[in-house]
Amino acid sequence: SFRFLDEDSAFKKIDEFVECEATDDSRDSWRARVARAAKFSHGARCIWRSLFRFSRLQDRFLYLVEKRMARNSAAIQFSILVVVGLVLVTLGGLAYSVVWVMDEEDPRDSLQVDRVAEGMWAAWTFMADGGTHADKFLTEQRLVSALISIAGIMYMGIVLAVIVDLVREKVDSMRTGSTTVFESGHTLIVNWTDKTIPVVEEICHANKSEGRGCVVVLAQEKIEYMEGDLNIQLPIPARFNTQVVLRTGSPAVISDLMKVSAHKAKSIVVLANSGSADEADSATLSTLLSLKGLGVRLSGHIVAELRDVDNEPLIKLVGGSDIDPLVSHDVLGRLMIMAVRQPGLAKVYESVLGFEGHEFYAREWPCIEGIAFGELQSRFPLAVPLGVKKRSGEVILNPHSTLVIGQGDQLLVLAEDDDTYSPQEPVDMPVSGGPSLPAPEAVFEKLLICGWRRDIRDILVNLDFCMKVGSEVHIMTHAIPVHERDQVLLEEGLDVASLRNIKLFHLQGNTSTRKRLEAMPIETFTSCMIFADQSYEEDPMHSDSHSLATLLLIRDIQERRYDSTDPDALVQPTPMICEILDSRTQRTIANHGNLSLASDFFQSNKIVAQILSMIAENRNVKHILGELTGISGSSMLVVPPSWYVKEDEEVSFYTVAKRAMARNSIVIGYQLRGSIERTVLNPPDKDRVRRWSHVDFALIAGHRSVRSVSGLDGILTLTDPEFLSELPETDEISTESHEREENAPFERIDEQRRSCASMPKAGPAAMKETESAPKAHELIDEGSCHKPRTSTPCKLYARSEAHLAGRPLALTPVKARPGAKGEGAMERFSTLVAAMPQDERQRLAEAISHLGQATKDGTIFFQREVC
C-alpha cells in the first residue's frame, strides 16, 4: 500500500493505522518497515523511469524505421540486415580475436598477422557456415565459436525469411495484376459483368484472322476470381492466340486507367454494372470523366453501355465525338419486338451480329465507279452489296438501284472476311417475271408479355407504333402489383391514355405457375414475349430457369387445348420469343432439339456483347447496326419464298436477288423453315439453280434516301418521285422526326394515311417560342400530326441545318397543294426569307431549285424538331 508514497507520508499513514498499538517498540518496527519500503519504491521508480525512457526511444526508432519502410521497404530491410550483420561480425571478431591462436601450418609471419582481422574473418566463416568451428581444440575457442555460429544461424534465417518475403510479394503482385500493362493498339474492357466474357470471346474471334491480339480487362474483382471464371467459360484454345490480360483496379481512378494504358488502346468498352440503371449509368459517367481527364489524348474511341435511354444525351455531352453510347435495354427491346412479330428473325440477327461467320465491310473499289448499285449484285459472287458509304461520310443502306457509285464512295458488303471478295466480271443473271406480292392485310394482334422489364415503357411505345389499331397487349408478372403499374409507367414517362393503337391489359401472377396460366385463354394469343423478369436480374441462372419454365408451361397448355380430332383446327404454333441471359443456358438449349424448336431464343447478354464488340472494332458499323436494329428505316425481314419464286420454280440465288432488287430489297441469305440450323448468309453457290419451297428468305427492306446538297450546312432528305406520285391528297403532314424515312415497298399508301390520322395533333403549343425566333411556332400548321420519339410511315419532309434568322430552317410544306391547311406556309416562308442575309438567301434559292428539279413537281417538305 505504501510502495508509491514518500517516507513522510508513509509515516503519517502508519501513525493513523497503528493507533491501536500501545508500545513504542511496535511503532518503531512499523516505521523501520516503511523506511525500507520507501527506499525500495524510490529505486523501483528510478528503474521504471529509465525503462520508460528506453521504451519511448525504442518506439521512436521503430516509427522512423516504419516510415522509411513505407517508402522503400526492400531497401530499408536490406540496410538493416547489412548493419546487423556488420555488428555481429564485429562483436564476434573482437571476441574471437582474444582466443585466436595461429596455426602451425600457417605460412605467414606471425608478426605480420593482425589478430583482430583474423578474428573478424573467423567470425564471418562461423556465421556463414556453422560447421567451420569443428576443428578447434581449445575450450575457449570452441565456446566463442559456438556462440558466434548460433548467432550466425539466427541471422541467416532472418536473411532468408526477408528474401522469401520479398520474392513472394513480387510474385503475388504479378499474380494480382498490379504491374503496368505495356501494350498499344489493344482493346480495353472496363468492369466485370455478365457481358465481359462474351465481349472477350467476340474480340478473340475478330483477331482470329490477324493471328494475334491483346485484350485488357480492368475491374474491381479479384484477379483469382476473374481468371477462374475466364478459364471455365473461355479456355485458352478458344482465344485464338489473343492474349487476355486481367488487372484489378477502379475504372474511376486515373492511376488505374494509366496502369492499363487506356490512352494507347484502339478502343475502350465500358460495360454497365449490375444493380439499378441510375447507379450503373452514374458509374459509367464517372469512368468517362476519368478517361477524359487522363491528361493525354486517347488513341481510340469509347463504346459505353447504358441502361437508361434518358441518360444517353448526358453521356454524349461528356464524351463528345470520342464516345459511341449503346442503350442495351432499348436495343434488346426493339429486336425482341421485331423477332416475335417475324418468326425466324432472331436466327438472322444471331448470324449477322458478331465476328463468327460473315461480317460487314466497307471498301473503295475504283473499278466500279460510274456503275449503278443495282448492277453490283452480279459482280461480287462472294459478297452481298448492302449499301454505299459516300465520300462525305454519309451511309446509305439499301439504296435505290439507280444510285451510281461515285469517286471516293465505299461499297458496304456482307462477306466472310475483308480479303475474301473482290469485284469480278458481271455474271449473266436471267430475270423472268416473278410472282406478284400479296396484298397486305390489317391483322389484329393479341400479344402476351410474360415478365416486367425496366424499359417496358419504350417497348410499349414501339408496340403502339408497329401494331394495328385495336390490337391488345397483355402483361402478366408478379414483380409489380396491378394497381401500381400505370403509375410506374407514368413516372417513367408513359401515359397509358396516350397509346393510340394498342389496348393494355394487366394480369397478376407468377408466369411459372401452371394454375395462373391455365386460367388464361392461352390459345387466343397471336404471339408471346417472355422477358427475363427484373425480379431475377441479379441471378441469371435463376432468371433463365424461370423463363424456360414459363415457355414449357405455355407450350404444354396450348397442346392440351388443341383439338386434334378436328382437321380444320390445324394451326401454326404461336410465335414466341424467350429472353435468355446466361450463355450456358443457350448451350444447354442447343443440345435439345425439341426445346430449340419450341421458341425463338434471344440471348440478350450475347447480343449486346456482339454489338459492343462490333462497334469497338469498327465505328462505322454503328450506323449500320443502328439502322438494322431500329423499328423503322432499313430493317431485316424474313419472308416466304412465294414473294420472289413461283411454286415449283427452279431459279438461282442471283435471280432471286435480282427480283428483290427490282422491288427495292436486298436478299442476304436464307434459312430452312422449321429448323434449328443457322441462317445461311451470303451463299457461296449463288449461280446454282434449285428449288426454294422449303426455305425462307432473309432480306433488307426499306431505306433512307439521303442526298447532300452543296451550299447548305447539312443534309436535305428527299422523297422519291415515284413515292410522291402515289401520295394521296391529304392535308396532314408529319413534322416530327429528324429525317424522312421511306418504308418498305410492301406498305400501302392508305395504311400510311391511317397511321398518320391516328396520331395526336400538335398545335402551336408544341413549339416553344424563343427571342431569336418569335414567330417560329407559326411555321407549324394547326392540323400537323405529331408523335414524339417515334417514326411513322407518312413522314415526307426534308431536313436542313441551314440557318434562317439565326435558327435552323424548319418549315411545313413550301409548296402546298391547293386547299390544304398548309397552303399559307409559302407566304410565311417568304416573310421569313425576306429577313435573311443576301448570301444565305441566294444559297437557299439554289438549294430549292435543285430540290424542285429532283422531285419533278417541286413539292418540298421541311421539318422542325419539336420534341
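The values are calculated or read from the model by the stated rules, or taken from the named source; none is laboratory data. All values reported here derive from a predicted model rather than from experimental measurement. Quick reminder, even Gly has a Cβ in these numbers, built from the backbone with ideal geometry, and neighbours come from all protein chains shown. Only protein heavy atoms, including side chains, enter the accessible area calculation; ligands, DNA and RNA are left aside. Shrake-Rupley method; radii C 1.70, N 1.55, O 1.52, S 1.80 Å.
Report, by residue number, each residue of segment 408-422 that is more than 20 Å from VAL680 (Cα to Cα) and surrounded by 17 or more Cβ atoms within 10 Å (Cβ to Cβ).
Scanning segment 408-422 gives ASP409, GLN410, LEU411.
Tell me, please, whether a residue that is at pLDDT below 90 and open to solvent by 40 Å² or more (accessible area, probe 1.4 Å) can be found in segment 298-309.
no
Could you tell me how many of the residues in segment 445-503 are assigned to a helix (DSSP H, G or I), open to solvent by 50 Å² or more (accessible area, probe 1.4 Å) and farther than 26 Å from LEU551 by Cβ?
8
Taking the condition open to solvent by less than 60 Å² (accessible area, probe 1.4 Å) and free of Cβ contacts under 8 Å to residues at least 40 places away in the same chain, does SER173 pass?
In short, yes.
Give segment 327-381 a look and list any residue that's under 13 Å from MET636 (Cα atoms) and of a type in the set (Gly, Ala, Ser), or say none.
ALA339, GLY344, ALA346, SER351
Please verify whether segment 437-444 includes one or more residues that are hydrophobic (A, V, I, L, M, F, W, C) and at pLDDT 90 or above.
Checking segment 437-444: not a single residue is hydrophobic (A, V, I, L, M, F, W, C) and at pLDDT 90 or above.
Looking only at segment 584-628, filter to residues that are surrounded by 18 or more Cβ atoms within 10 Å (Cβ to Cβ), more than 23 Å from ALA272 (Cβ to Cβ) and small (Gly, Ala, Ser); which one of those is nearest to the chain's Cα centre (by Cα)?
SER599
For the list (1) under 12 Å from HIS186 (Cα atoms); (2) open to solvent by 40 Å² or more (accessible area, probe 1.4 Å), I need the number of the one condition that THR242 fails.
(2)
Quick one: what pairs do we get from segment 459-475, first residue at positive phi, second outside any helix (DSSP H, G or I), C-beta under 8 Å, 6+ apart or different chains?
Every condition considered, the pairs that remain are GLY470/PHE444; GLY470/ASN501; GLY470/LYS503.
Is it the case that ASN682 is under 23 Å from THR420 (Cβ atoms) and either surrounded by 19 or more Cβ atoms within 10 Å (Cβ to Cβ) or touching a strand residue (DSSP E or B) at 6+ places or on another chain (Cβ under 7 Å) (or both)?
yes
Mind counting the residues in segment 512-535 that are touching a Gly at 6+ places or on another chain (Cβ under 9 Å) and of a type outside the set (A, V, I, L, M, F, W, C)?
Qualifying residue count, segment 512-535: 5.
What number of residues in segment 382-398 are outside any strand (DSSP E or B) and either open to solvent by 40 Å² or more (accessible area, probe 1.4 Å) or at pLDDT below 90 (or both)?
Matching residues across segment 382-398 total 7.
From GLU312, GLU279, grab the single residue that is in contact with a Pro (Cβ under 8 Å, 6 or more places away or on another chain) and part of a helix (DSSP H, G or I).
Checking each option against the conditions leaves just GLU312.
What are the pairs with Cβ atoms under 6 angstrom where one residue, in segment 350-374, is within 29 Å of GLN610 (Cα to Cα) and assigned to a loop (DSSP other than H, G, I, E, B) and the other, located anywhere, is open to solvent by 60 Å² or more (accessible area, probe 1.4 Å) and not aliphatic (A, V, I, L, M)? Sequence gap at least six, or different chains.
Close Cβ pairs satisfying both conditions: HIS358/GLU416.
Run ARG212 past the list (1) surrounded by 13 or more Cβ atoms within 10 Å (Cβ to Cβ); (2) over 30 Å from ASP103 (Cβ atoms); (3) charged (D, E, K, R) and report the number of the one that doesn't hold.
For ARG212, the exception is condition (1).
Suppose the filter is surrounded by 14 or more Cβ atoms within 10 Å (Cβ to Cβ), charged (D, E, K, R), without any contact (Cβ under 8 Å) to a residue 12 or more places away in the chain and assigned to a helix (DSSP H, G or I); does ARG142 pass it?
The answer is yes for ARG142.
Need pairs with beta-carbon distance below 9 Å; first residue assigned to a loop (DSSP other than H, G, I, E, B) and within segment 505-520, second loosely packed, with under 14 Cβ neighbours inside 10 Å; sequence gap 6+ or separate chains.
Matching pairs, first to second residue: GLY509/LYS515; GLY509/ALA519.
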